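**Q** One structure, pasted below without further comment.
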Amino acid sequence: MPTSVKNLQYLKATNQASILRHLATMGPTSRVELAHKLGLSKMAITNLVADMIQDDLVFETDQKISHNGMTGRKSIALDIPDCRINAVGLFIERFAIHCNAMDIKGRQFYYDKLPIPPESDNAAAMEIIFRLLDRLFQKYSEDTFSGIGISSIGPVDLNSVTILHPTNFYHISNLPVGKFLREKTRLPIFMLNCMSAAALAERLYGNAKNCNHVVYLGLGSGVGAGAVINGNIFTGSKGFASELGHMSIDPIRGRKCFCGQRGCLETYTSTYSILKRLRYPSMEQLLKDIEANCFTDKAREELSTFYQAVRSAIIAIANIYDPEMIVVGDQGSQLLEPYLPKLQKELHILMIQHDLHDITLTTSAFQNQTSLIGAPSIIFDRIFSKVLPPFNGIKAS
Ligand SMILES: [Zn+2]
């Protein structure tokens, strides 16, 4: 095939991926608005959309919308059919494995979960994953999906799709999930650690839509972060970047951490650490007591320490990554909710370039579901980046 034809095909696929991304993440949009948002001519959009309508990727809705939100002439809005492009998500956390199916517009249409029994090993973990997939594929055939995205507790090897050696993960270690899954399915498989997947979920479907630079800080039983830089997930050289839970904020007198340091962020801000120190059975109980203003001086002191540690982390994130937005998620973010406006103000005073840049601080759109929504988002991000086609090779489109 001549190079000029190849170039044209590449350009067409890139522009169609941009149209898909806009419609999937921003909702129904007119041709005029698409041309404006994507920097393409109206004629180019008309031609690209005509092909996408023929392939049933896009349809004309009954809805007419104003150009740029202004009154005046209205145009027909375009949309992607519901459940036309779908992905499987597997979220592997410490105590359970979750399976969800989502369409490219972020609509979850299937959810299942199985616990990981104590003392589980690699074989037991794979059995759980296979059982979850068997149950999903009994309801929806494999060719309904464009791929499987895996969001897992880390560390993970992204290239070989392997869970390495997470702490306190029973006997599960060096588990080549990708290798075993490829023996069962022909679907493309991609993996991210659950914090990076959460950052992707926020960027595509949550509070950070359209932000090219966003950092997600997850305050769960462990603490970590995921970063989107220049529109792409920042993984580092081996996929271990943004381990902010083990950034020390008090290396001299700080609390001892299992990693060998003192004063790691995680020792002050993980829900595991807070509940253990306060001898609370659950976050639900703690939040209930806080709401009723019924808690001890020790709890008050612990929450004050938590707040100061989160503030240090957020200022460090602002100074290191220079994002447009910082999203705080997982269960611990609920403790932060009442203090968010105060924290936002302090961030603007204390970050080093405070006179040059405003950074929006917010909590996650999905609360403690962000890493779960992140799992299928991994596949959609690959489709939007043109690494994957909208449909897998086994689907007749
Ligand atoms: Zn540590």
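**Q** Roughly how many whole Å is it from the C-alpha centroid of segment 311-349 to that of segment 1-45?
**A** Going from one Cα centre to the other spans 35 Å.
**Q** Moving on to the next point. Out of all DSSP beta bridges in the chain, what portion is antiparallel? Express it as a percent rounded to 5.
**A** 60
**Q** Please give every one of the aspartates and glutamates within straight-line cross-link reach of Lys139, meaning a C-alpha to C-alpha distance under 15 Å, and leave out same-chain neighbours fewer than 8 residues apart.
**A** Candidates past the 8-residue exclusion: Asp112.
**Q** Roughly speaking, what is the stretch gain from Leu8 to Lys345, that is 0.36 nm per residue apart minus the C-alpha to C-alpha distance, in nm to one decimal?
**A** So the chain would gain 116.4 nm between Leu8 and Lys345.
**Q** Which is farthest toward the positive dipole end of segment 3-79 among Leu20, Leu34, Ile76, measuring Cα position about the Cα centre, with Cβ charges +1 (Lys, Arg) and -1 (Asp, Glu)?
**A** The listed residue farthest towards the positive side: Leu34.
**Q** Follow-up. What order do you get for 291-299, 146-154, 304-312 when each peptide is scored by the mean count of other beta carbon atoms within 10 Å, highest first?
**A** The packing order, highest mean first, is 146-154, 304-312, 291-299.
**Q** Give, rounded to the nearest 20 debye, the magnitude of the charge dipole that segment 61-145 has about its Cα centre when Lys and Arg contribute +1 at Cβ and Asp and Glu contribute -1 at Cβ.
**A** 620
**Q** Using alpha carbon centroids, what distance separates segment 133-201 and segment 71-124, in Å?
**A** For segment 133-201 versus segment 71-124, the Cα centre distance is 13 Å.
**Q** Using a simple charge model, +1 on the beta-carbon of Lys and Arg, -1 on the beta-carbon of Asp and Glu, nothing else, what dipole does segment 209-364 show about its Cα centre, in debye to the nearest 20?
**A** It works out to roughly 540 debye.
**Q** Taking θ = phi - 60°, what integer Hz values does the Karplus form 6.51 cos²θ - 1.76 cosθ + 1.60 yield along segment 270-280, in sequence order, with x for Gly and Pro?
**A** 7, 5, 4, 5, 5, 5, 5, 5, 8, 6, 9
**Q** At a Cα cut-off below 20 Å, give the lysines reachable from Lys345, other chains included and same-chain residues fewer than 8 away excluded.
**A** List returned: none.
**Q** Now a separate question. If you plug each phi of segment 178-191 into the Karplus form 6.51 cos²θ - 1.76 cosθ + 1.60 with θ = phi - 60°, what whole-Hz ³J(HN,Hα) values come out, in order, with x for Gly and Pro?
**A** x, 4, 5, 5, 5, 6, 9, 9, 9, 5, x, 10, 10, 10
**Q** Oh, and also: Identify all aspartates and glutamates with a Cα-Cα distance to Lys64 below 18 Å; exclude those on the same chain that are fewer than 8 residues away in sequence.
**A** Here the aspartates and glutamates satisfying the reach criterion relative to Lys64 are Glu33, Asp79.
**Q** Let me ask something else about it. Do the alpha carbons of any pairs in Lys105/Lys179; Lys113/Lys209; Lys37/Lys105 sit beyond 20 Å of each other, and which pairs?
**A** Working: Lys105/Lys179 29 Å; Lys113/Lys209 28 Å; Lys37/Lys105 18 Å.
Distance filter (> 20 Å) returns Lys105/Lys179; Lys113/Lys209.
**Q** Then there's this: Once the dipole of the chain is set up with Lys and Arg at +1 and Asp and Glu at -1 on Cβ about the Cα centre, which of Ile249, Ser4, Asn47 lies farthest towards its positive end?
**A** After comparing all options, I get Ser4.
**Q** When ligands, DNA and RNA are left out and all protein chains stay put, how many square angstrom of accessible area per residue does segment 111-269 have with a 1.4 Å probe?
**A** 43
**Q** Just for the Cα atoms in the chain, what are the lengths along the principal axes, largest first, rounded to whole Å?
**A** Largest to smallest, the principal-axis extents are 67, 54, 42 Å.
**Q** If N is the number of residues in segment 3-79, what value comes out of its Cα radius of gyration divided by 2.2 N^0.38 Å?
**A** With N residues counted in segment 3-79, Rg over 2.2 N^0.38 Å equals 1.11.
**Q** In addition: Output wanted: per-residue J couplings in Hz (rounded whole) for segment 108-125, from phi through Karplus 6.51 cos²θ - 1.76 cosθ + 1.60, θ = phi - 60°, x for Gly and Pro.
**A** So the J values, rounded to whole Hz, are 7, 10, 7, 8, 8, 8, 10, x, 9, x, x, 6, 5, 10, 4, 4, 5, 5.
**Q** For the charge dipole of segment 174-237, defined by +1 on Lys and Arg C-beta atoms and -1 on Asp and Glu C-beta atoms about the Cα centroid, which residue among Ser237, Leu219, Phe190 has the Cα displaced farthest towards the positive pole?
**A** Phe190
**Q** I'd like the orientation of helix 340-350 relative to the chain: the angle between its Cα long axis and the longest Cα principal axis, in ° from 0 to 90, rounded to 10.
**A** 90
**Q** Follow-up. If you put +1 on each Lys and Arg Cβ and -1 on each Asp and Glu Cβ, how big is the dipole of segment 177-241 around its Cα centre, in Debye rounded to 20? If you can, show how the numbers build up before the last one.
**A** Working: 7 positive and 2 negative charges, 58 e Å.
Computed charge dipole of segment 177-241: roughly 280 debye.
The values are calculated or read from the model by the stated rules, or taken from the named source; none is laboratory data. Worth saying up front: this structure is predicted, and the values here are computed from it rather than measured. We place every Cβ from the backbone using ideal geometry, glycine too, and count neighbours over all the protein chains shown. Each accessible area value is taken on the protein alone, full model and side chains, heavy atoms only, with ligands, DNA and RNA left out. Shrake-Rupley method; radii C 1.70, N 1.55, O 1.52, S 1.80 Å.
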